[in-house]
Structures are given as C-alpha cells and as structure tokens.
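One structure is given here, and the rest of the page talks about it.
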Amino acid sequence: MATVTPVLRDINLYRYKGFCFVKELMSTEFIDSLQEFHLRDDDIFMITYPKSGTIWTQQILSLICSDGHRDGTESIETSVRVPWLEFPTLYNELGHSSRPSPRLFASHLSYQFVPQGLKNKKAKVIYIMRNPKDIMKSLYHFEAMAVYAEKSPDFDHFYEKFLDGDVFAGRWFDHILGWYTHKNDYNILFIKYEDMIKDLRSVVKQICAFLKMELNDEAIDTVVKRASFKEMKKDPLANKENVPEDFFNLKKGSFMRKGTVGDWKNIMTVAQSEHFDKLFHEEVGDLALNFTWDATD
Ligand code: PPS
C-alpha cells in the first residue's frame, strides 16, 4: 500500500506515490478514484508540469475547439473552458458527465494518476513541456503569489527544493520521464513551449491536425492572435484576477509574467546551471528529449 509522507520543505504539501499534492485541495481517495474516471472517446487532455504553458494551452485549445470563443464571447473562465481533472471546479460538483463533447481537461498529474481508460488510446493527450531552467525561474516567482506555498528565502533554497521535488507536482524529472517513457501507452502529442514561442501558428496547426479539427486560415489567425502573450497579458481571466485572494495574491506577481525563453539566466548562477546540465544528462540519458535553453538557440 502506498504511504503518504510529509514534504519537508513545504508543510502545505504531502507526497503520495512520488507526487506532491496540496493538502487542502486533494485527498488520496479522490486522486485514486480518478483511475476509474469514465472517459469518452473524444475527450482531450492537456497535461503539464506546472509553469510549462498551461494557461496558454488552455487558451489555445478552447479557441481551437469552440467557434463561440473565437467570435469574442470568451468572457468564460479558463478553468470552465478547459476544466481541471484534479482540482475542485464547478464540474467536480456538477459532474463532468454534464459537459458536451468534446470535453477538454487540464491536468498536472503524472502518468500513473490519470484515468486508466486513457490507455485505450481513443481519448487524446497533449503534453506540453518547457525547459526546466525556465520552469524553475517561473515557479520561483509563482511561489511568492501562491498563498498555499511555503516561501523560499532565496533562489539557492528554491533550487535545492525543486531538485528534491519538494514542490507541488514533485520532481520535474519524474513527471517528464514518466510521461515520455510511457508514451507508447497513449495517443499523445508532445509540444514544446519554446516551439510555441518561436512559431505559434505552426504549433496551432500541428494541434489541429492531431485533433482532426479543420480550421481555415482566418480561424487559425484568430487563435494565434488571441493566444499571443500581448493579448493574454491584458486579459483579466488569463491572469486569474477573478480567483479568490486566499489562493493567489496578485499583488505579489502575475500569471502572465514574462513569457520568454532563457529568463533563467537572470537568476541561476553558472555553477547551478552547470550542475543542472550534469544532472539532466544523468537523468535523461539516451532518450531523445532535448530542449531549447535560450532564445537564440
Ligand atoms: S500554471 O500555474 O502551472 O498554470 O502556470 P503555466 O500557465 O503552466 O505557466 C505560466 C508561464 O507561461 C507563460 N505564458 C505565456 N508565455 C508566452 N505566451 C503566452 N501567451 C503565455 N501565456 C502564459 C507565463 O508568462 C508563465 O511563464 P513566465 O516565465 O513566468 O513568464
């Protein structure tokens, strides 16, 4: 039987089967119950480790899948357009079964926690990955505004904490390697944040092809425009300005912070960066997993 253990550097979290959950939001019973979650063949899941482009992809997917949003009626919360599988939302109360198809789901979960039915390969999974050094920079800033998170006194402390996986969602390496090495079990498309930065239009077309959604050029243009950092930065919903202050203190930071590649250089020391590169090579080994670490790469 899997045991629950405390997370030493953050008392608001607990570790269960290698993943760190927020105590207040998720019970082990609820998490285990997701194994039996009833899927539809046309369900679409987007999976991310935190700070890898979740809200961005929620925006893109909902724009692709709903003409209504594209027409400018998107005054609907992101978490209603692409509801969370594991976080409490309107649909955990009403039941996801009341939603029309195709249902979109967002999740930060590792592969071992998602509904077993995903392995029948009918429902689709889109996994968005981002270079982990930029994830660290983004998460370090996010910690300051996430009310539930224990604050790191400085980046050195945060760096160790991140490597040990004492953060929500646990170790980044476990998350990505779990999904990547089990990719043949799922109908899955891997997308990179840095490719979205470089050429969003191509990535939107790639997602449309994977989902078998036929959008004309004008519709693709609209998706790309509405999903641009500039547009999303001024969107109160993308910035979660409607979420209660006891979750996020938006005076301490912003969801649409910088949206760039390579910002880690402004916080990691050369020694940390080299240490991480070594670890990356040890953990990733011969797997064909590579990242863009810098905007000029
Ligand atoms: S969360 O809390 O896990 O849901 O955060 P997540 O949405 O995964 O990641 C937040 C980072 O994504 C950046 N972002 C974008 N970048 C480029 N273009 C667009 N449109 C966009 N939307 C969100 C956001 O700025 C966060 O990255 P940082 O590096 O902190 O700026």
(message) Looking only at residues that are part of a helix (DSSP H, G or I) and among the β-branched types (Val, Ile, Thr) in the range 260-285, which one is nearest to residue 62 (Cα to Cα)?
(response) 284
(request) Collect the residues in the range 149-184 that are within 12 Å of the ligand (Cβ to nearest atom) and open to solvent by 50 Å² or more (accessible area, probe 1.4 Å), keeping them in residue-number order. (result) none
(request) May I ask you to list the residues in the range 185-201 that are away from the ligand (no atom under 14 Å from the Cβ) and open to solvent by 50 Å² or more (accessible area, probe 1.4 Å)? (result) 185
(request) Among residues belonging to the range 122-149 that are out of contact with any helix residue (DSSP H, G or I) (no Cβ under 8 Å at 6 or more places or on another chain) and over 19 Å from residue 87 (Cα atoms), point out the one that is modelled with the lowest pLDDT. (result) 122
(message) Give me the residue from the range 242-289 that is among the polar types (S, T, N, Q) and surrounded by fewer than 11 Cβ atoms within 10 Å (Cβ to Cβ) and, out of that set, farthest from the ligand (Cβ to nearest atom).
(response) 242
(message) I need the full set of residues from the range 63-112 which are modelled with pLDDT of 90 or more, within 15 Å of the chain's Cα centre (by Cα) and open to solvent by less than 20 Å² (accessible area, probe 1.4 Å), in order please.
(response) 82, 83, 85, 86, 104, 105, 106, 107, 108, 109, 110
(message) Just to be sure I understand the filter: pairs with C-beta atoms under 8 Å, separated by 6 or more residues or on different chains, first member in the range 239-266 and within 17 Å of residue 291 (Cβ to Cβ), second member within 13 Å of the ligand (Cβ to nearest atom) and among the small types (Gly, Ala, Ser). Which pairs pass?
(response) 260/295; 261/295; 262/295; 263/138
(message) Going residue by residue through the range 242-259, is there one that turns out to be out of contact with any strand residue (DSSP E or B) (no Cβ under 6 Å at 6 or more places or on another chain), small (Gly, Ala, Ser) and assigned to a helix (DSSP H, G or I)?
(response) no
(message) Quick check on this structure: which one of 168, 190, 173 is assigned to a helix (DSSP H, G or I) and hydrophobic (A, V, I, L, M, F, W, C)?
(response) 173
(message) Which residue is farthest from the ligand (Cβ to nearest atom), if the candidates are limited to the range 114-136 and must be surrounded by 21 or more Cβ atoms within 10 Å (Cβ to Cβ) and in a helix (DSSP H, G or I)?
(response) 118
(request) Please find, among 22, 7, the residue that is within 16 Å of the ligand (Cβ to nearest atom), closer than 23 Å to residue 130 by Cβ and touching a Leu at 6+ places or on another chain (Cβ under 7 Å). (result) 22
(request) Residues being of a type in the set (Val, Ile, Thr), within 21 Å of the chain's Cα centre (by Cα) and within 21 Å of residue 193 (Cβ to Cβ): count how many of those fall in the range 213-249. (result) 2
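Which residues, taken from the range 1-38, are open to solvent by less than 30 Å² (accessible area, probe 1.4 Å) and assigned to a loop (DSSP other than H, G, I, E, B)?
Within the range 1-38, 7, 10, 26 meet the criteria.
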(request) State all residues of the range 202-241 that are open to solvent by 30 Å² or more (accessible area, probe 1.4 Å), within 29 Å of residue 41 (Cα to Cα) and either assigned to a helix (DSSP H, G or I) or touching a Gly at 6+ places or on another chain (Cβ under 8 Å) (or both); if no residue qualifies, say none. (result) 202, 205, 206, 209, 210, 217, 218, 221, 222, 224, 226
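Does any residue of the range 202-225 turn out to be closer than 18 Å to residue 110 by Cβ, charged (D, E, K, R) and modelled with pLDDT of 95 or more? Can you show your working first?
Residues of the range 202-225 closer than 18 Å to residue 110 by Cβ: none.
Within the range 202-225, not a single residue is closer than 18 Å to residue 110 by Cβ, charged (D, E, K, R) and modelled with pLDDT of 95 or more.
Would you be able to say whether some residue in the range 83-101 is of a type in the set (Phe, Trp, Tyr) and either more than 13 Å from the ligand (Cβ to nearest atom) or in contact with a Cys (Cβ under 7 Å, 6 or more places away or on another chain) (or both)?
Yes, the range 83-101 contains at least one residue that is of a type in the set (Phe, Trp, Tyr) and either more than 13 Å from the ligand (Cβ to nearest atom) or in contact with a Cys (Cβ under 7 Å, 6 or more places away or on another chain) (or both).
The values are calculated or read from the model by the stated rules, or taken from the named source; none is laboratory data. None of these values were measured; they are calculated from a predicted model. Glycine gets a Cβ as well: all are built from the backbone with ideal geometry, and neighbour counts include every protein chain shown. Surface areas here come from the heavy atoms of the whole protein model, side chains and all, with no ligands, DNA or RNA. Shrake-Rupley method; radii C 1.70, N 1.55, O 1.52, S 1.80 Å.
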